Amino acid sequence: MGLLEILSSLFGVGYFFAWSLSFYPQSIHNFKRKSTSGTTVDFPLINTLGFAAYFIYNSALYYSPLIRAQYAARYKGLTPTVQFNDIAFAAHALVLSAITTSQYLLASTWGFAPSLGNKPSRFILGIFFGCVAGVAIVVLTVLSSPDRDSTESVSSWVWLDALYALSYVKLIITLIKYTPQVIVNYRNRSTRGWSIWQILLDVLGGVLSLAQQSIDSYLQHDWSGITGNPVKFALGNVSMVYDSIFMIQHYVLYRGASGTQRERDSLLAEDEERRIE
């Protein structure tokens with residue numbers, strides 16, 4: 001094994017642990033406070049759907065002979081740049097996202113105080129059900145295709161396309177999932193209740209994930225390792241953009257602001273119509 005292969009493996013392990021650990025700070029923070037105030041269920045709820053899709057996507061690309069053959073037919077005989085750590089990360093993230101979501105939707109079970117952010121916004125619910133409907137349409141289209149099980153077709157609808165529909169669900173969710181919390185922080189003029197540690201770990205994971213994918217594509221001498229797996233590439237880039245916004249809010253704009261009274265006034269005064277539409 002050469003140096004680049006070793007680096008790829010190390011970066012893969014590194015991003016797995018960084019991104020996996022990033023799911024703990026918020027749920028632990030909520031548990032210690034016995035409250036989810038200052039945050040919104042939108043983020044963990046849509047994250048649960050996103051990682052369910054991402055887990056299926058990675059598992060099929062890694063384990064399914066049919067999917068791998070269809071991928072090879074479409075991308076010049078190459079194999080997907082998906083490794084076992086991608087599957088392990090997605091499974092772990094799915095479980096932790098579901099646990100965190102339960103802290104909002106089942107607040108009384110956790111013994112938490114009521115919070116306005118425990119109710120999903122219309123915007124996130126629209127994205128949630130829109131993604132489910134979109135995947136269902138693609139699956140029905142693939143089922144109607146006579147070439148769905150073909151390992152030679154590069155243009156007809158095949159099961160690989162259904163898998164890509166799942167990957168784009170994750171991509172769409174990655175693009176919008178942070179927006180509600182950014183707005184909540186802005187309204188409260190505070191990041192109180194939002195754990196900055198999950199953001200710092202997310203940044204580290206994003207850098208390592210992009211580094212691993214770049215090395216894997218270089219080793220194959222073909223950058224379709226990125227174009228053929230756009231969701232993994234987008235995960236690292238988009239997340240780091242939002243992470244930068246959160247760090248600016250926490251360390252620059254609202255530095256030292258507890259936001260206790262402002263947060264309380266905001267959460268009690270705002271009705272559902274003023275929440276994220």
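The values are calculated or read from the model by the stated rules, or taken from the named source; none is laboratory data. None of the values given here were measured: they were computed from a predicted structure. We place every Cβ from the backbone using ideal geometry, glycine too, and count neighbours over all the protein chains shown. Ligands, DNA and RNA are excluded from the accessible area calculation, which covers all protein heavy atoms including side chains. Shrake-Rupley method; radii C 1.70, N 1.55, O 1.52, S 1.80 Å.
The portion of the accessible surface of the chain made up by carbon and sulfur, rounded to a whole percent, is 69 (1.4 Å probe; DNA, RNA and ligands excluded). A straight line joining the Cα centroids of region 146-164 and region 8-22 runs 32 Å.
Applying 1/(1 + (r/R0)^6) with R0 = 45 Å to the Cβ-Cβ distance of LEU140 and HIS221 gives a FRET efficiency near 0.75.
Peptides 243-253, 114-124, 51-61 ranked from most to least packed by the mean count of surrounding Cβ atoms within 10 Å: 51-61, 114-124, 243-253. If you sort GLU152, GLU5 by accessible surface, 1.4 Å probe, largest first, the order is GLU152, GLU5.
Assuming a ≥ b ≥ c are the square roots of the Cα gyration tensor eigenvalues, decide whether region 1-150 counts as rounded (a/c under 1.5), prolate (otherwise, with a/b larger than b/c) or oblate. Taking the square roots of the gyration eigenvalues as a ≥ b ≥ c, region 1-150 is oblate. Here the peptides 99-112, 166-179 are ranked by packing, the mean other Cβ count within 10 Å, and the order with the highest first is 166-179, 99-112. Surface exposure of the chain, expressed per residue as accessible area with a 1.4 Å probe, stands at 46 Å². With R₀ fixed at 45 Å, the C-beta to C-beta distance from LYS34 to LEU66 puts the FRET efficiency at about 0.40.
Restricting things to alpha carbons, find the Rg to Rh ratio for region 68-215 using the Kirkwood radius for Rh. Ratio of gyration radius to Kirkwood radius for region 68-215: 1.04.
With viscosity 1.002 mPa s and temperature 20 °C, the Kirkwood radius over alpha carbon pairs of region 100-144 converts through Stokes-Einstein to a diffusion coefficient of 169 µm²/s. Percent of C-alpha pairs per 10 Å bin in the chain, short distances first: 7, 27, 32, 21, 11, 3, 0.
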